[in-house]
Amino acid sequence: MKRLITLALFIFSFTSFACHIELPERILIIENNNNDLSYQNSNDCTLVEKEKLHEILMSTEGKITALQMMRMIQAQADVALTIAPHFIQIDHLNNFARTQLPLPQSIFVKEIHPAIGMKPLFALKNGDNISLSCEGCLYGLNQRLVMTHTPFIGDKAQHLLTISFGKLTKAYRLTQPLQGFAELKNSSLYQEDYIEVIPQTELVQDASTLKFFKTNKPLKAGDYIRKADLTPMNLVRAGDQTELIFENTQITIKTSGIARNNGGHGDSIEVFVPGKNKKYLGKIIDDHKVVVHL
């Protein structure tokens, strides 16, 4: 009996003097990097305790229990903290916009900014509805985004925000470091990825051509392969017997000739065909193969 009384007193003292924070049922995070704590209604809480909770909320998405958040905070610091309600739904507007807006495959939401005077976090109740529209979007920077909030009870309201988009492109990332003049014939040396377009940078986007190149400097694991990092290997040398392919959308004719120049993949060289006593200008497509587009 004494143990039960002691335990009850301990629980009572903990709940009486611990920091308590009341949160909205749903939180819509409009701007991920923000320091707004006004959505927290707290009793006996220090700024440090409120900031710890804010950090966890910023890195969470979906439904989470108050108990889970309390344990996550206590794992980081010795904080006596209680949170209500029991369940909180957290959504990030960046991710929400991807499901609401009909974006082209190569376009992604880069960032969203609230209008002047609008808080970077939006408190909602269960049953509230949020919809987004971006009429006339050019998928560039600083486009006009309208967010419509329809509460479960009450009048709907519209909020004007700014949304910026980025463009994704295919790229190939090295899985291990390479020395200068290393060949890229082994496909295990790199893996396909999709990244944001890098201005003024030409990335390799066709892995089938990498076997025709070697590096012109050492590269680190994790580097994205740029055309400027590569030097074409000689696939044809002057005087070599070379397959010459004439083609258009309807026909393909193959013959052979003698290369007049050295060249690597994509280079244009002259090929002399003795039987016709003619020279043809074509593009190198493979080892001792040159194509002439008719």
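The values are calculated or read from the model by the stated rules, or taken from the named source; none is laboratory data. This is a predicted model, so every value here is computed, not measured. Virtual Cβ from ideal backbone geometry, glycine too; neighbours counted across all protein chains shown. Keep in mind that these areas ignore ligands, DNA and RNA; they rest on the heavy atoms of the full protein, side chains included. Shrake-Rupley method; radii C 1.70, N 1.55, O 1.52, S 1.80 Å.
Hey, with R₀ at 25 Å, roughly what FRET efficiency would residue 25 and residue 144 work out to, going by the Cβ-Cβ distance, to 0.05?
Numbers: r = 29 Å, r/R0 = 1.17.
For R0 = 25 Å, the calculated efficiency reads 0.30.
Here the Karplus relation 6.51 cos²θ - 1.76 cosθ + 1.60, evaluated at θ = phi - 60°, turns the backbone of segment 280-285 into coupling constants of 10, 9, x, 10, 6, 10 Hz, with x for every Gly and Pro.
Gain in length, residue 237 to residue 250, computed as 0.36 nm per residue apart minus the alpha-carbon separation, to one decimal in nm? Intermediate results must be reported in sequence, preceding the final value.
Details: separation 13, 0.36 × 13 = 4.68 nm, distance 3.01 nm.
1.7 nm is the gain from fully extending residue 237 to residue 250.
Measuring r between the beta carbons of residue 106 and residue 267 and using R0 = 25 Å, the FRET efficiency lands at 0.25.
The angle between the Cα long axis of helix 2-17 and the longest principal axis of the Cα atoms of the chain comes to about 70 degrees, rounded to the nearest 10. Legend: residue pairs 185/278; 254/279; 52/110; 254/283; 170/220, Cα-Cα distance threshold 24 Å; pairs beyond threshold, 185/278; 52/110.
Let's see if you can work this out: charge +1 on each Lys and Arg Cβ, -1 on each Asp and Glu Cβ, no other charges. What is the dipole magnitude of the chain about its Cα centre, in debye to the nearest 20? Display every interim value, and only then the final one.
On the way: 31 positive and 30 negative charges, 178 e Å.
Dipole magnitude for the chain comes out near 860 debye.
Among the protein heavy atoms of the chain, carbon and sulfur supply 52% of the accessible surface, probe 1.4 Å, non-protein parts ignored. Return the whole-Å distance between the Cα centroid of segment 118-168 and the Cα centroid of segment 199-226. Value for the Cα centre distance between the two parts: 40 Å.
Which entry in (i) 18.9, 64; (ii) 31.3, 112; (iii) 18.6, 82 matches Rg and Dmax of the Cα atoms in Å derived from the coordinates of this structure? Checked against the structure: label (ii).
With every protein chain left in place, what is the accessible area per residue of the chain in square angstrom, probe 1.4 Å?
Details: 17710 Å² over 294 residues.
Result: 60 Å² of accessible area for each residue.
Can you pull out the trypsin sites (Lys or Arg not before Pro) in segment 174-242 that DSSP calls coil and that have at most 16 other Cβ atoms within 10 Å? Sparse-neighbourhood loop trypsin sites (Lys or Arg not before Pro): 185, 220, 237.
What does the charge add up to near residue 114, with Lys and Arg as +1, Asp and Glu as -1, over the other residues with Cβ less than 12 Å from its Cβ? Walk me through the intermediate numbers first.
Working: positive: 119; negative: 31, 36, 111.
Charge balance near residue 114 sits at -2.
Most tightly packed first, judged by the mean number of other beta-carbon atoms within 10 Å of their residues, the peptides 108-116, 148-156 read 108-116, 148-156.
Lys and Arg at +1, Asp and Glu at -1: add these up for the other residues within a Cβ distance under 12 Å of residue 265 and post the number. Combined, the nearby Lys, Arg, Asp and Glu give +1.
For every other residue with a beta carbon closer than 14 angstrom to the beta carbon of residue 151, add +1 if it is Lys or Arg and -1 if Asp or Glu, then tell me the sum. With Lys, Arg at +1 and Asp, Glu at -1, the neighbours total 0.
Amide H contacts under 5 Å for residue 107: 168, restricted to partners 5 or more places along the chain or on a different chain, H placed in the peptide plane at 1.01 Å from N.
The ratio of the alpha-carbon radius of gyration of segment 44-107 to the globular-protein estimate 2.2 N^0.38 Å is 1.43. Principal-axis analysis of the Cα atoms of the chain puts helix 47-58 at an angle of about 40° to the longest axis. One decimal place: the segment residue 115-residue 201 gains 27.6 nm when fully extended, by the rule 0.36 nm per residue minus the C-alpha distance. A P(r) calculated from all alpha carbon pairs of segment 16-170, with 5 Å bins opening at zero, reads 2, 8, 18, 19, 17, 13, 11, 7, 4, 1, 0, 0 percent.
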